[in-house]
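Right, one structure below, let's go through it.
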Amino acid sequence: MTLPDLMLMRPLWLLALPVLAVAAWWLCRRQGGIGDWTRVADPALLTAMAALGRIDPQAGRAPVLAAFAVAAITVLALSGPAVERRDAVSFRNLDGVLFVVDTSASVTQSARWPQMQTMGRFGLAGLGTRPGGLIVFAGDAYVATDMTGDIDQLGQTFSLIDAETVPDPGSRPQRALMLAAQLLEEAKVIAGDVVLLGDGAGLGPETLIAAERIAAQGARLSFVALEAPTPAMATHAGLAGGQVFTLDQTDAFSDYLAEDARTRLEQQDLPLLFWHDLGRYLLALALLPMLFFFRRAAP
């Protein structure tokens with residue numbers, strides 16, 4: 001049996017614990033067992049009352065300790081102890097990935113096309129529970145697969161892409177990237193990825209506009225280069241916070257899609273998508289020492 005990972009969402013609150021400990025020690029030492037009566041009562045009278053059993057030397061400290069126990073538990077609750085949500089790695093399409101594949105003849109008829117398909121399969125393997133979608137383009141752009149969590153089906157569709165998939169000749173990535181931006185907007189993606197797999201043909205001012213639109217929606221634009229990466233790929237990726245990968249970087253590409261989306265969601269003040277805050281339950285425990293204040297005094 002493995003214990004769930006535990007983390008503190010607001011650890012700075014723990015700095016209050018030493019302050020509370022010092023304050024509790026100071027009050028208990030200053031007040032003594034019967035509060036401030038030692039300051040105003042005759043010492044001989046107090047000694048006689050203690051001998052008669054009318055004074056409990058520990059009774060005066062109990063309320064102080066109970067109050068500080070409540071405060072300490074409250075501080076622990078405010079520090080945000082949380083356990084990981086094992087079943088909530090992704091929520092709807094918040095961190096979806098769109099693969100944009102160039103199916104023009106210069107790509108699909110290249111000797112390196114099988115390697116490009118392998119690269120795509122590694123990218124799909126890195127999605128985990130993230131939803132994915134597929135856009136294909138040549139002279140025009142089409143949605144081959146809408147956003148889906150069925151990664152196996154997405155992989156099968158990817159493997160069937162060839163030079164006949166898009167009948168329109170040419171290479172117009174601007175249409176594909178604009179379509180990707182539209183799909184991200186419709187799916188309410190706030191930390192997604194768009195990955196263009198191709199040779200970089202057709203990149204220019206119009207595709208820069210599409211890259212800006214993608215970046216404005218909180219997504220990144222990355223490239224998988226068929227041959228050596230082009231300067232235009234680096235420019236577009238830099239504008240939209242993405243990266244450029246070559247066909248020999250399969251593991252790096254898979255890791256990139258597997259790890260970074262979660263980090264970005266947590267940085268966007270959305271940690272509760274992944275962590276279940278237990279602070280509220282600790283606040284309930286704070287009620288236990290408070291019961292001391294409701295006890296009936298002995299006659």
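The values are calculated or read from the model by the stated rules, or taken from the named source; none is laboratory data. Computed from a predicted structure; not experimentally measured. Cβ coordinates were reconstructed from backbone atoms using ideal geometry, including for glycine residues, and neighbour counts include every protein chain displayed.
Run down 170, 200, 218 and say which single residue is in contact with a strand residue (DSSP E or B) (Cβ under 8 Å, 6 or more places away or on another chain) and part of a loop (DSSP other than H, G, I, E, B). Exactly one residue qualifies, and that residue is 200.
Contact map, the range 280-291: first residue touching a residue at least 40 places away in the same chain (Cβ under 8 Å) and in the same structural domain as residue 66 (by TED's automatic domain parsing), second residue assigned to a helix (DSSP H, G or I) and of a type outside the set (Gly, Ala, Ser), Cβ cut-off under 6 Å, separation 6 or more or different chains; pairs are 282/73; 282/76; 285/73; 286/70; 286/73; 286/74; 289/70; 290/70. Total residues in the range 200-222 satisfying the condition of being over 24 Å from the mean Cα position of the chain (by Cα), of a type outside the set (Gly, Ala, Ser) and within 24 Å of residue 122 (Cβ to Cβ): the figure is 1. Taking residue 5 as the residue in question, decide whether it is loosely packed, with under 13 Cβ neighbours inside 10 Å, more than 38 Å from the chain's Cα centre (by Cα) and either at pLDDT 75 or above or not hydrophobic (A, V, I, L, M, F, W, C) (or both). No: the conditions fail for residue 5. Is it true that residue 191 is in a loop (DSSP other than H, G, I, E, B) and touching a Lys or Arg at 6+ places or on another chain (Cβ under 8 Å)? The answer is yes for residue 191.
Conditions tested, residue by residue: (1) surrounded by 15 or more Cβ atoms within 10 Å (Cβ to Cβ); (2) over 16 Å from residue 247 (Cβ atoms); (3) aliphatic (A, V, I, L, M).
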residue	(1), (2), (3)
99	yes, no, no
102	yes, no, no
116	yes, no, yes
130	yes, yes, no
136	yes, yes, yes
143	yes, yes, yes
152	no, yes, no
158	yes, no, no
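Applying the criterion of being crowded, with 24+ Cβ neighbours inside 10 Å and more than 27 Å from the chain's Cα centre (by Cα) to the residues of the range 172-199, the residue that is nearest to residue 108 (Cα to Cα) is 198. A search for C-beta distances below 9 Å between a residue of the range 126-140 that is in contact (Cβ under 8 Å) with a residue 60 or more places away in the chain and any residue that is crowded, with 22+ Cβ neighbours inside 10 Å and assigned to a strand (DSSP E or B), counting only pairs 6+ apart in sequence or on different chains, returns 126/97; 127/97; 130/97; 130/193.
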